[in-house]
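Read the structure below first, then the notes.
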Amino acid sequence: MNTGEALIINRDSVMKLAPMRPADGHKGTFGSLLVWAGSPGMGGAAFMCANAACRSGTGVVHLWIRNDLVTPMFLAVPQAIAHKIPDNFENAREELSAILPLMSAAVIGPGLDLSDSFVRDGILYFAEYAKNLLVDAGAL
């Protein structure tokens, strides 16, 4: 790359970098992502993360969210699959042990409240059991 010239990033330049998608591909071909995001007043973070994942080509996006965010996320990102977070961490761990092995990757953090011990325990669980993990925002 010539450092003396400006680099113009447009649709064509990005398309050259994107891998070819097989013609016979389907949502199961393109991976699954579990997103744990959002807290009171921070539902927009969950929406933005899930929406970006859907738009980027992820096959199936799963949202692991608080009960009060299930309906708003269904209305905002209907193509994502919502999973209500259980009320206690023991039940959450059981659910995660069933879900995480099925995921290609996980995102944790956007809009989460780190002062919540449930969140801190969950971050450690994700770090240990997620195949590929992106830690962002409230989980840092």
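Here are a few things to note about the model shown:
- Scan of segment 83-118 for residues that are touching a Ser or Thr at 6+ places or on another chain (Cβ under 9 Å) and in contact (Cβ under 8 Å) with a residue 60 or more places away in the chain, ordered by number: Leu102, Met103, Ser104, Ala105, Gly111, Leu112, Asp113, Asp116
- Any hit, segment 120-130, residues being touching a residue at least 40 places away in the same chain (Cβ under 8 Å) and either closer than 25 Å to Thr71 by Cβ or open to solvent by 30 Å² or more (accessible area, probe 1.4 Å) (or both): yes
- Residue in segment 9-31 that is modelled with pLDDT of 90 or more and in contact with a Leu (Cβ under 7 Å, 6 or more places away or on another chain) present: no
- Residue check for Arg21: surrounded by fewer than 16 Cβ atoms within 10 Å (Cβ to Cβ) and in a loop (DSSP other than H, G, I, E, B): yes
- Number of the condition not met by Val61 [criteria: (1) within 16 Å of Ala105 (Cα to Cα); (2) surrounded by 12 or more Cβ atoms within 10 Å (Cβ to Cβ); (3) out of contact with any helix residue (DSSP H, G or I) (no Cβ under 6 Å at 6 or more places or on another chain); (4) of a type outside the set (Phe, Trp, Tyr)]: (3)
- First in segment 30-48 and at positive phi and surrounded by fewer than 16 Cβ atoms within 10 Å (Cβ to Cβ), second anywhere and among the hydroxyl-bearing types (Ser, Thr, Tyr) and not in a helix (DSSP H, G or I), Cβ under 7 Å, 6 or more apart: none
- Selected residue (criterion: modelled with the highest pLDDT) from residues of segment 109-119 that are open to solvent by 30 Å² or more (accessible area, probe 1.4 Å) and assigned to a loop (DSSP other than H, G, I, E, B): Asp113
- Matching residues, segment 51-72, being touching a residue at least 40 places away in the same chain (Cβ under 8 Å) and either assigned to a helix (DSSP H, G or I) or touching a Cys at 6+ places or on another chain (Cβ under 6 Å) (or both): Ala53
- Scanning segment 73-108 for residues that are over 19 Å from Met42 (Cα atoms), among the aliphatic types (A, V, I, L, M) and part of a helix (DSSP H, G or I) returns Ala92, Leu96, Ala98, Ile99, Leu100, Leu102.
- Residues of segment 99-121 satisfying the condition of being more than 14 Å from Leu33 (Cα to Cα), of a type outside the set (Lys, Arg) and out of contact with any helix residue (DSSP H, G or I) (no Cβ under 7 Å at 6 or more places or on another chain): Ser115, Asp116, Ser117, Val119
The values are calculated or read from the model by the stated rules, or taken from the named source; none is laboratory data. Just so we're clear, the structure is a prediction, and the values are computed from it rather than from any experiment. With ideal geometry, Cβ positions are generated from the backbone for all residues, glycine too; neighbour counts draw on all protein chains shown. Keep in mind that these areas ignore ligands, DNA and RNA; they rest on the heavy atoms of the full protein, side chains included. Shrake-Rupley method; radii C 1.70, N 1.55, O 1.52, S 1.80 Å.
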